[in-house]
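> Please see the structure below; I have some questions.
The values are calculated or read from the model by the stated rules, or taken from the named source; none is laboratory data. Predicted, not measured: the structure shown is a model, and the values here were computed from it. Please note: Cβ atoms are built from the backbone with ideal geometry, for glycine as well, and neighbour counts cover all protein chains shown. The accessibility values were calculated without ligands, DNA or RNA, using every heavy atom of the protein model including side chains. Shrake-Rupley method; radii C 1.70, N 1.55, O 1.52, S 1.80 Å.
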Amino acid sequence: MDVEGEPFDRRLSRADMLRLAGLAAGVGVVAGPAAAADAAVARLTQESGRLQVLDWAGYGNDGGQAMFKAYVHKHPHNKPQFTQMANESDALAKIQAGAHPDLFRPYVGWVKYFAQSGLVQPWNPKLIPNFKHLNPFMVKAGKYQGHQYGIPDDWGFDAILYRKDKVHPKARSWNLLFDERYKGKIAWFDDLEMITIAGLVTHAKNPWNQSSAELSRSVDFLKKKKHVARMTWSSETELWQAFGSGEVWIAYAWPNDWVQMRKKHPVVYMHPKEKPIAWVGMFMLLKGTPRPHLSHAYVNAWSSKASGEWLENNYGYGHANVEAKPSSSALLKALQLTNPKAVTLPNAYLDRNIPNRATYAHLWEQVKAA
């Protein structure tokens with residue numbers, strides 16, 4: 001891994017630099033200077049094989065190809081190979097079980113956890129040309145102890161999606177997920193974040209760091225309300241099928257769910273009065289990866305203006321590249337892209353580290369088993 005802030009070329013010997021120049025010259029005849037430099041660095045550092053990426057569904061070759069198109073163009077012999085993660089806990093379990101991705105994409109609330117875990121290493125922003133275009137607030141959120149452990153790219157909100165032709169909320173509140181009037185028509189999300197939501201509803205002082213008494217209250221609340229939920233979704237395709245068919249009318253949802261479901265039904269993406277939870281996707285680099293430069297090149301492609309605009313127009317998520325703007329005014333308004341701090345107070349709670357994460361995870365499993 002490149003030392004934080006230390007230019008790559010400073011650590012190359014004179015012989016290395018001569019080899020790099022020769023390689024670049026040879027490749028440049030065919031591919032041009034930018035591709036030549038990338039290819040030369042990859043060959044010089046002896047990085048080979050397909051880039052191993054652990055990511056969410058919809059971001060690999062199952063629909064997200066536009067996000068890394070530029071990388072594939074420059075590195076046709078090192079195309080990404082994807083493994084899906086259902087959530088961060090699933091990613092952690094896969095890595096602990098022996099998976100060896102080069103990079104993966106948890107969300108901002110996990111930056112501190114993974115930085116402290118010893119499983120990841122910092123990025124070198126100087127190897128990511130598009131880094132300078134990324135939202136400074138989000139960039140800062142990816143830092144831990146002065147090192148850039150997370151590279152921000154996509155962002156959005158955890159909020160509530162509902163059919164306005166079927167549902168009449170009593171208030172703009174997270175309580176809609178627990179409304180007895182719509183028993184059997186509600187979808188929860190299969191993640192320990194549900195305990196955080198319960199903490200917001202039951203007025204815990206800090207929903208991300210609840211006391212024993214507050215956790216007991218949140219868990220009891222979820223267990224008592226579990227019967228109203230028809231399903232607990234873990235993949236968006238599962239949610240889309242249920243919501244699209246009319247099986248559910250109310251759901252814990254992300255912006256892309258609003259984009260997809262408004263094609264089928266009159267829907268509202270509600271920001272609750274207790275505030276939505278905002279998230280920022282953070283690419284993280286696995287410690288000891290044999291492909292660090294290819295990983296940087298992949299993240300650079302993801303961080304481009306073109307990738308950002310594709311993401312906004314097709315998935316309805318925001319992008320950390322401040323130059324990216326969606327073509328739809330409806331999306332611009334929904335994502336609040338004119339507000340560089342839309343993901344934080346007073347608009348939303350930016351997801352954060354849960355000091356007692358293992359306890360939250362254990363309690364969520366208890367809720368599901370109840």
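> Quick check on my link table: of LYS185/LYS341; LYS223/LYS341; LYS140/LYS305; LYS74/LYS126; LYS69/LYS164, which ones sit more than 26 Å apart, alpha carbon to alpha carbon?
Check vs 26 Å cut-off fails for LYS185/LYS341; LYS223/LYS341; LYS69/LYS164.
> Per 0.36 nm of contour for each residue apart, how much would the distance between ALA330 and HIS77 grow if the chain were fully extended, relative to their Cα-Cα spacing?
87.1 nm
> Could you look at region 123-188 and say what percent of its accessible area is carbon and sulfur, using a 1.4 Å probe and all protein chains?
Carbon plus sulfur share of accessible area: 50 percent.
> Hey, rough spin-label estimate for VAL322 and ALA66, points 7 angstrom out along Cα→Cβ, what's it come to in nanometres?
2.4 nm
> Show me 220-232, 190-202, 163-175, 108-120 ranked by packing, highest mean number of other Cβ atoms within 10 Å first.
Highest to lowest by the protection proxy: 190-202, 108-120, 220-232, 163-175.
> I would also like to ask the following. At a Förster distance of 45 Å, what's the computed FRET efficiency of SER234 paired with GLN145, Cβ-Cβ distance as r, to 0.05?
Once rounded, the FRET efficiency stands at 0.85.
> What Kirkwood radius, in Å to one decimal, follows from the Cα pairs of region 179-271?
14.1 Å
> To continue, here is another question. In region 82-224, what is the volume of the convex hull around the alpha carbon atoms, normalised per residue and reported in Å³?
Dividing the Cα hull volume of region 82-224 by its residues yields 183 Å³.
> Report the charge-dipole magnitude of region 55-115 in Debye, nearest 20, computed about the Cα centre from +1 at each Lys and Arg Cβ and -1 at each Asp and Glu Cβ.
Approximately 220 debye in magnitude.
> How do 352-361, 271-280 rank on mean C-beta neighbours within 10 Å, highest first?
Highest to lowest by the protection proxy: 271-280, 352-361.
> Would you mind telling me the share, in percent, of accessible area of region 244-328 contributed by carbon and sulfur at probe 1.4 angstrom?
51 percent
> OK, next. So for GLU312, GLU238, what's the accessible-area order with a 1.4 Å probe, most first?
GLU238, GLU312
> Taking H placed 1.01 Å from N in the peptide plane, check which residues at least 5 places from HIS100 or on another chain put their amide H under 5 Å from its amide H.
none
> If eta is 0.890 mPa s and T is 25 °C, what Stokes-Einstein diffusion coefficient results for the chain, Kirkwood Rh from Cα pairs, in µm²/s?
113 µm²/s
> Considering only protein heavy atoms, what per residue accessible area in square angstrom results for the chain with a 1.4 angstrom probe?
Using a 1.4 Å probe on heavy atoms only, each residue of the chain averages 43 Å².
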